[in-house]
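Encoded as structure tokens, the structure appears first; notes follow it.
Derivation of every value follows stated rules applied to the coordinates shown; laboratory data play no part. Note that the coordinates shown come from a computational prediction; the quantities given were computed from them, not determined experimentally. Neighbour counts run over all protein chains shown; Cβ positions are idealised from the backbone, glycine included.
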Amino acid sequence: MIKQTAFADIADYMDLLLDAICVVDKSNTFRYVSPGAKRVFGYSPHEMVGRSMFDFVHPDDENTTGQVAEKVNTGDEILHFENRYIRKDGSTAHILWSARWSDRDQMRVGVARDVTKQKQLEAEREELIKRLEQMALTDALTGLPNRVLFYDRVKTATARAQRDGVEIGLLYLDLDHFKHINDTYGHATGDSLLKAAGERILGAIRATDSAARIGGDEFVVLVDAIDTPNALSAVAEKICHAMSKPLKLPHGEEHITASIGTARWPENGSTIEELLQYADHAMYRAKRSGGNRVAT
């Protein structure tokens, strides 16, 4: 018959555990902490035993931690509860807990696992996905939505307008004399001009509207929920005014203007393609008339 190893003997090998075993009484005081605590919490067991767990819990997690502790005290078994602890060096540790109540000892027994690195990797992955999604839906030069995102916003706005019985508008902008400036002073100057144009358009439209760059020196604006007969032309005129202010470029100061064509849904088209075509034709009429104006 093989003699069972005593608990005290097993305890000699607990420092091999990557997790920490913690025993906590009803007053939330640590009564036992295994050697793995040094890796998980940054404190040695003797620095934790006899102290309240709330001496170590992140302040923002104290309420939820206390609520979970009370559930364990009443007999609930808790698996996969996460909270944060403040390590001895001041850094934050993300801890994954499993815990149950011991009727025999009248204490909570929990196993703590440090998942900080996993959390950091998850955050990095989410940030990468966010950046990739942004790259796929925005113009790299101006940071404005690209054609794909703009089409999606027009589709959403059209469905909402149809439901609410209102109109929406579309503006098609082309910068006057952009090719001359770009060819004369180089692409760096042209890029600076396009970025400045995007910023000015954003500064001139309403918070409910949406601007996009769809190629070259062409921009479009969704004017959402037109509530007055002059609302669309008012936004267009505001953009014209904003664009005409002197602009400092690498070679010096320039006066940049824009030709703008307008279209209304559903009056001038029922689809985004029809609206863009109508507004594009109106923009060319504005350009043929000398530029720096709005045509309907």
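Helices in the chain, meaning DSSP H runs of at least 4 residues, each add -39500 (n - 2.57). Divided by all residues, the mean residue ellipticity at 222 nm is -12500 deg cm²/dmol.
A compact globular protein would have a Cα radius of gyration near 2.2 N^0.38 Å; the ratio found for the stretch 138-295 is 1.01. Sorting D89, D19 from the fewest to the most surrounding beta carbons within 10 angstrom yields D89, D19. Multiplying each eigenvalue of the alpha-carbon gyration tensor of the stretch 7-119 by 5 and taking the square root yields semi-axes of 19, 18, 13 Å, largest first, rounded to whole angstroms.
Between E127 and S270, what length in nm is gained on full extension when 0.36 nm per residue of separation is reduced by their alpha carbon distance? Don't skip to the answer; put the middle values down first.
Details: separation 143, 0.36 × 143 = 51.48 nm, distance 3.75 nm.
Stretched out fully, the E127 to S270 stretch lengthens by 47.7 nm.
If you add up the charges near T156, with Lys and Arg at +1 and Asp and Glu at -1, over every other residue whose beta carbon is less than 14 angstrom from its beta carbon, what do you get? It works out to a net charge of 0. For the stretch 56-162, applying the loop criterion from DSSP together with a ceiling of 13 other beta carbons within 10 Å to the GluC sites (Glu not before Pro) yields E77. May I ask for the distance between the Cα centers of the stretch 247-283 and the stretch 38-59, given as a whole number of Å? Rounded to whole Å, the Cα centres lie 63 Å apart. The residues neighbouring G36, those whose beta-carbon lies less than 13 Å from its own, together hold a net charge of 0 under the Lys/Arg +1, Asp/Glu -1 convention.
The alpha carbons of the stretch 53-107 occupy a box of 36, 19, 16 Å along the principal axes, longest dimension given first. The phi torsions of the stretch 218-223, fed into the Karplus equation with coefficients 6.51, -1.76 and 1.60 and a -60° offset, translate into couplings of 9, 10, 10, 10, 8, 9 Hz, rounded to whole numbers, with Gly and Pro shown as x.
Exposed loop sites here mean trypsin sites (Lys or Arg not before Pro) with a DSSP loop assignment and at most 16 other beta-carbon atoms within 10 Å; the chain contains its longest site-free run at 105-205. Computed over the alpha-carbon pairs of the stretch 150-215, the distance histogram in 10 Å steps reads 17, 41, 25, 13, 4 percent, short to long.
Going through (1) 28, 26, 17; (2) 32, 26, 18; (3) 66, 23, 15, the figure that equals semi-axes √(5λ) of the Cα gyration tensor in Å as computed for the structure here is (3).
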